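Working notes for the structure below.
Computed from the coordinates by the stated procedures, all read-outs in this text should not be read as laboratory data. Treat the numbers as computed from the prediction; the structure is a model and nothing was measured. Cβ placement follows ideal geometry from the backbone for every residue including glycine, while neighbour counts extend to all protein chains displayed.
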Amino acid sequence: MAKTTTRGRGPASGTRRTMPAAARAAAKRAERGHREPGPATDDEEPLAGRTVLVEAPKDGWDDPPEPSPESFEEEDPPEERGTLRRRRPLTAVLGVLLVAGLVAVAVLGWRYKEDRRADDARAEAVAAARKAAPVVFSYDYRHLDRDFARARTHLTGKFRDEYRKTTATVVGPTAKKYRGVVKATVATASVVSASPDKVRVLLFVNQITESTQVSGSRVDLNRVRMTMTRASEGWKVSAVDAL
């Protein structure tokens, strides 16, 4: 059977194409037109896309977070990490020892200062006690008010009020009745306890008494404990206990 051919004329020259070849070309073009979109191959031209305009947000685009400098720092090698771990406890121990040393120095300095103050207080309180005792334990019925007033200048606190009351109600009336005259002297004095503001002094006081109740003079040897307290005016007697 002879093949059917067709003749056609083109713009440049006439070309003969068999029908099966033309049909295959048309089928191929149709297949390309209906193919689903996918990655373009070397033989195919990429499909042109549409340009879409997107309006920027009102507050602007969010910038991605910048990496922190720490993320670029290299981690310490294992041997350096071990050294740092050993160094930290040592540093802590040294810090504790330093603080303890400073506290110890401060405490020692405070104790030294307090001891010096106590030593000064001992000497000052004993001198004040030796001066106060003869005035406090002496009186003359002929000028009791003057003697008792002088004695109160060496006293302080509640003891001063007690002394005023006792001399007014007991000692004064008795001295006037029996014409009593008492003169006291300090034989010896020593410190029992001492702090910067309070010192207890042991005194041996001799009292010579004259009155209508005795013939001549009577000597009494008394032992008393006198508490001396630092006041704004100096060391004062705040208590007296007979032993």
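Rounded to the nearest 0.05, the FRET efficiency derived from the C-beta distance between Asp115 and Ala92 at R0 = 25 Å is 0.15. Rg/Rh for the range 111-242 (Cα atoms only, Rh after Kirkwood) is 1.03.
Of the residues Asp147, Asp197, the one with the fewest other Cβ atoms within 10 Å heads the list, and the complete ranking is Asp197, Asp147.
Compared with the direct C-alpha span, the chain from Ala123 to Leu102 gains 4.4 nm at full extension, assuming 0.36 nm per residue.
Take the Cβ-Cβ distance between Ala149 and Ala231 as r, set R0 to 22 Å, and report the resulting FRET efficiency rounded to the nearest 0.05. Given R0 = 22 Å and the Cβ-Cβ separation, E is 0.80.
By other beta-carbon atoms within 10 Å, ranking Glu210, Glu233 with the fewest at the front produces Glu233, Glu210. Checking the cross-link pairs Lys165/Lys236; Lys131/Lys165; Lys176/Lys236; Lys131/Lys177; Lys158/Lys183 against a 20 Å limit on the alpha carbon distance flags Lys131/Lys165; Lys176/Lys236; Lys131/Lys177; Lys158/Lys183 as lying beyond it.
Could you tell me the calculated FRET efficiency between Ser215 and Thr174, based on Cβ-Cβ distance and R0 = 25 angstrom, to the nearest 0.05? Working from the Cβ atoms, E equals 0.85.
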